[in-house]
Amino acid sequence: MEKIKKKKNIIKVRNLTKKFNEKIILKNINFDLYEGESLAIIGASGSGKSVLLKNIIGLLKPEIGSIKINNVETINLSRSKRENLLLELGITFQHGALFDSLTIWENVIFKIQRIKKLTKINGQKYALDIIKNLGLGPDILNLYPSEISGGMQKRIAIARAISSNPSILLFDEPTSGLDPVTGSVIDELIVKSVKRLGASAITITHDMASVSRIADKVILIDDQTVSWTGKPKEMLKSNNAKVQQFIKALNPKLFK
């Protein structure tokens, strides 16, 4: 009998607790992200989803716990080692978080420019090669973020995230503020980007329609901790009251 290959653990979070002053935001968080997996983290507004993501990438430091990325403990990691580790990550923040003072092509190559030191011509070509895969053309390269639509800004944020061909992609509310049609387009781009790169992904969202399209696995954060874990289709059968609250807000056919 052929031995089944065990999937590599890409991100391993154990017993993570985060406070702001004396207020506990996250308590005893535990989860794993495996190679090639797309994980959605859901929860009500203010449940700590984005705080969790910021702990993973090192913008915040937990009071207690362990965060391993590719088996490297990231808590108390030196700045140089963390910067090297972050090269493996592609990140989009809420609302895109593009640099207003940079053109679109400059935004796209912002991360990779530190490594390759591209000329203007090569930088524009590099950016164009990426945005073409996201359905955008050369006419926007020299525009500024304020000159393009919100949906385009989200695409450019994804382009910046994938510019260095990362093995891990982290998306924070990628469809927030978008209409359903544009949101579905962004979801499709995320799925295609993950598959093209062979990456593992975490998406922070409260959009259950997105969950049904992009996720292999879901974790629900409620009352400061992980209260449910499972596959999207399993959500319909769950007896978890908070899971049912999310489901009832949408058409259950999404998960059939």
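Looking across segment 80-89, just one residue is of a type outside the set (S, T, N, Q), closer than 21 Å to K8 by Cβ, open to solvent by 50 Å² or more (accessible area, probe 1.4 Å) and without any contact (Cβ under 8 Å) to a residue 24 or more places away in the chain, and that is K81. Per the listing T92, T103, the residue uniquely at pLDDT below 90, in contact with a Phe, Trp or Tyr (Cβ under 8 Å, 6 or more places away or on another chain) and open to solvent by less than 20 Å² (accessible area, probe 1.4 Å) is T92. Contact map, segment 7-23: residues that are touching a residue at least 12 places away in the same chain (Cβ under 8 Å) paired with residues that are among the acidic types (D, E) and assigned to a strand (DSSP E or B), Cβ distance under 8 Å, separation 6+ or inter-chain. Pairs shown: N9/D32; I11/D32; K12/D32; V13/D32. For segment 131-167, the set of residues classified as at pLDDT 90 or above and of a type in the set (D, E, K, R) consists of D139, E147, R160, listed by residue number. Could you tell me whether segment 93-109 includes any residue that is of a type outside the set (D, E), in contact with a strand residue (DSSP E or B) (Cβ under 6 Å, 6 or more places away or on another chain), closer than 30 Å to I140 by Cβ and in contact (Cβ under 8 Å) with a residue 12 or more places away in the chain? Yes, there is a match, as at least one residue in segment 93-109 is of a type outside the set (D, E), in contact with a strand residue (DSSP E or B) (Cβ under 6 Å, 6 or more places away or on another chain), closer than 30 Å to I140 by Cβ and in contact (Cβ under 8 Å) with a residue 12 or more places away in the chain.
Taking segment 1-50 as the range and being in a loop (DSSP other than H, G, I, E, B), touching a Phe, Trp or Tyr at 6+ places or on another chain (Cβ under 7 Å) and modelled with pLDDT of 90 or more as the test, no residue passes. Give just the number: which of (1) within 20 Å of L220 (Cα to Cα); (2) open to solvent by less than 50 Å² (accessible area, probe 1.4 Å) does L77 not satisfy? Exception for L77: condition (1). For segment 128-149, how many residues meet the condition of being assigned to a helix (DSSP H, G or I), open to solvent by 40 Å² or more (accessible area, probe 1.4 Å) and touching a residue at least 24 places away in the same chain (Cβ under 8 Å)? Matching residues across segment 128-149 total 1. Filtering segment 33-50 for residues that are farther than 21 Å from F246 by Cα and out of contact with any strand residue (DSSP E or B) (no Cβ under 9 Å at 6 or more places or on another chain) leaves an empty set. Every listed requirement among (1) outside any helix (DSSP H, G or I); (2) touching a residue at least 40 places away in the same chain (Cβ under 8 Å); (3) of a type in the set (V, I, T); (4) out of contact with any helix residue (DSSP H, G or I) (no Cβ under 7 Å at 6 or more places or on another chain) is met by I75 save one, (2).
Considered as a group, the residues in segment 3-26 that are over 20 Å from E173 (Cα atoms) and among the hydrophobic types (A, V, I, L, M, F, W, C) include one that is most open to solvent (accessible area, probe 1.4 Å), and that residue is I4. In segment 106-120, the residue that is surrounded by the fewest Cβ atoms within 10 Å (Cβ to Cβ) out of those that are β-branched (V, I, T) and outside any helix (DSSP H, G or I) is T119. Could you tell me which residue of segment 27-56 is nearest to D216 (Cα to Cα), considering only residues that are open to solvent by 10 Å² or more (accessible area, probe 1.4 Å) and among the aliphatic types (A, V, I, L, M)? Ranking the qualifying residues of segment 27-56, first place goes to A44.
The values are calculated or read from the model by the stated rules, or taken from the named source; none is laboratory data. In this text, all values refer to a predicted model and were calculated from it rather than measured experimentally. Using ideal geometry, Cβ is built from the backbone for each residue, glycine included, and neighbour counts are taken over all protein chains shown. Please note that ligands, DNA and RNA were not included when accessible areas were found on the heavy atoms of the full protein model with its side chains. Shrake-Rupley method; radii C 1.70, N 1.55, O 1.52, S 1.80 Å.
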